[in-house]
Amino acid sequence: MAEPPYRRPRRSDDLGLRHALGDRMLPLLVAAMAFLAALALAGSAGAAALVRHWQEGAAAALTVQVPTPAAPAAAPAEGERLAAVLAALQSAPGVAAARALTPAELAALLRPWLGTAGSDPALPLPAVIAVHLVPAAPDPDALQDQLGRIAPGTLVESHGVWVARLARLGRSVQGCAWLVLAVVAAVAVAVVTAATRAGLAARREAIELVHGLGATDGYIARRFARRATWLALLGGVIGTLAALPVLGLLAALAAPFTGPPDLAMLPADLLVGLPALPLAAAAIGFVTAQATVRRWLRRLP
Amino acid sequence: MVRLEEVSLQYGNARRAGPMVLHDLSFIVPEGGFRWLRGPSGAGKTSLLRLLHLAVRPSRGRLFVFGSDTGVARRAELPALRRRIGMVFQDFRLLTHLSAFDNVALPLRLAGRPEAKVAPDVAEMLRWVGLSARMAARPAALSGGEQQRVAIARAVVGRPSLLLADEPTGNLDDAQAERLMRLLKEMNRLGATVIVATHNAALVARHPGPALRLEQGRLIDDG
Ligand SMILES: Nc1ncnc2c1ncn2[C@@H]1O[C@H](COP(=O)(O)OP(=O)(O)OP(=O)(O)O)[C@@H](O)[C@H]1O
Ligand SMILES: [Mg+2]
């Protein structure tokens, strides 16, 4: 009877890990972790971008509203009041520029709230002045007093306060996202640890034998780490890819606020962070498997 | 080569003490020496070989292997010592997912031998034990005697300086047992220290030599 031809050994699997280290469960769980991490990363990047946007655009700005007097006869004409306020603003310390919005600009600003009624000339609207401040901004309260004396009822609205509140909210969202990332990483470590322990238990006899034949801890740990790294990388890629359609959907929902979605508009930290996710998963797989195996091997003499 | 000073072995661990199976053993086997290891079942022969194979540490006493005091050696130094020891286990301990060839190749690969230099030695060793035709077979497909011969080939293939054999003829017929004895004697002649635990009185009678004799964990004859 002819023997089957001799087949080249699969040298890399002398511990028989191919069947011992969950080749479905581990990638699946890591994929779920990577998916969550991708969403958290997107949340963090989105919040960061909004904070940046608000701060750049509005931190150094004021709006001044000059109301139309109820009884025009009792006061100087509206144009004069506006001119007086503008003049006062332009000579006030800390003001870089002050410009009255045209009625068209005003209507555009109000359209989201009032619709086309905003352009109805019969509607009494205050005149609005957009003010840009120099970086060392003066106290808006002092400005309010000064302008109120020139034209009673004038309102000075500092964007800075709102921006500070929104920025704080944005940073909190960002903090939560980082917290989620940390928790996800911790769960991934736990998952890889459990899978590695199960593999160690399943291959206990083989490991003890190979240890007895003179294998170093490093050799055995390397076998496990190589497999865990590969499986975690696989899971990371799957999870990240699975998150892309969801992120696309979120970007589409955000489009009315941010303009049409396109890749170049995605925050740069997200463009770096997403490809880094599978690599981070692989690194977690490697380090965790190494540490778990080496700790386990210490029970052997 | 192998030196024991008042070595005792107790199984178990710090939490649960097991039986004391070896009591105050002291003996020397010089480099290139040959010893039978004899004694009734349960006397502690396998336990002694496990000690010499550095698979367990002495509970008391000092054990020197290759001049190294294994009691004070760092754990990281032991693998290199183990790679110079060949062991035929009483229960074979072949890896079930590997072919006969890969089982025998294991010590060479662990020693970092390049793959091109693994195959010739493994093939030669398997030919020596009469298994050239069974190289690709898994242990489950081998008879008890064939498995034992794979275990012997694995122990010898790396040309160990210390060869420990635990009941190596247990599953062999007389002709194969004689063939094995020739192999062990050849290894011994080439300089290996050889210790063979056996119940096989006929084999010992045909190949007289110094014997360590254990009874209930005590050495009653140090050869
Ligand atoms: N892992 C262990 N834990 C506890 N006791 C053990 C362990 N291994 C062996 N023993 C005990 O140690 C004693 C010696 O066993 P050992 O296997 O060394 O005997 P042996 O001389 O090789 O016997 P045999 O000739 O049957 O192979 C026995 O009483 C056995 O029950
Ligand atoms: Mg025994």
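The values are calculated or read from the model by the stated rules, or taken from the named source; none is laboratory data. Keep in mind it's a predicted model, so treat the numbers as computed, not measured. We place every Cβ from the backbone using ideal geometry, glycine too, and count neighbours over all the protein chains shown. Protein only, heavy atoms only, side chains kept; ligands, DNA and RNA dropped before computing areas. Shrake-Rupley method; radii C 1.70, N 1.55, O 1.52, S 1.80 Å.
At a glance:
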{"read-out": "Positions within region B:62-76 being more than 9 Å from chain A (Cβ to nearest Cβ) and open to solvent by 40 Å² or more (accessible area, probe 1.4 Å), in sequence order", "value": "B:62, B:67, B:71, B:72, B:74"}
{"read-out": "Residue selected from region B:27-59 under the condition away from chain A (no Cβ under 14 Å), within 16 Å of ligand 1 (Cβ to nearest atom) and of a type outside the set (A, V, I, L, M, F, W, C), by the criterion most open to solvent (accessible area, probe 1.4 Å)", "value": "B:41"}
{"read-out": "Residue count for region B:77-98, restricted to those that are farther than 21 Å from residue B:49 by Cα and either open to solvent by 20 Å² or more (accessible area, probe 1.4 Å) or more than 7 Å from chain A (Cβ to nearest Cβ) (or both)", "value": "2"}
{"read-out": "Boolean, residue B:6 is away from every other protein chain (no Cβ under 14 Å), open to solvent by 70 Å² or more (accessible area, probe 1.4 Å), more than 16 Å from ligand 2 (Cβ to nearest atom) and in a loop (DSSP other than H, G, I, E, B)", "value": "no"}
{"read-out": "Residue satisfying condition, being on the phi > 0 side of the Ramachandran plot, charged (D, E, K, R) and away from ligand 2 (no atom under 16 Å from the Cβ), within set B:69, B:24", "value": "B:24"}
{"read-out": "Every residue from region B:186-208 that is open to solvent by 20 Å² or more (accessible area, probe 1.4 Å), assigned to a helix (DSSP H, G or I) and without any contact (Cβ under 8 Å) to a residue 40 or more places away in the chain", "value": "B:186, B:189, B:201, B:202, B:205, B:206"}
{"read-out": "Residues located in region B:68-93, provided they are free of Cβ contacts under 8 Å to residues at least 40 places away in the same chain and closer than 24 Å to residue B:8 by Cβ", "value": "B:68, B:69, B:70, B:71, B:72, B:73, B:74, B:75, B:77, B:78, B:81, B:82"}
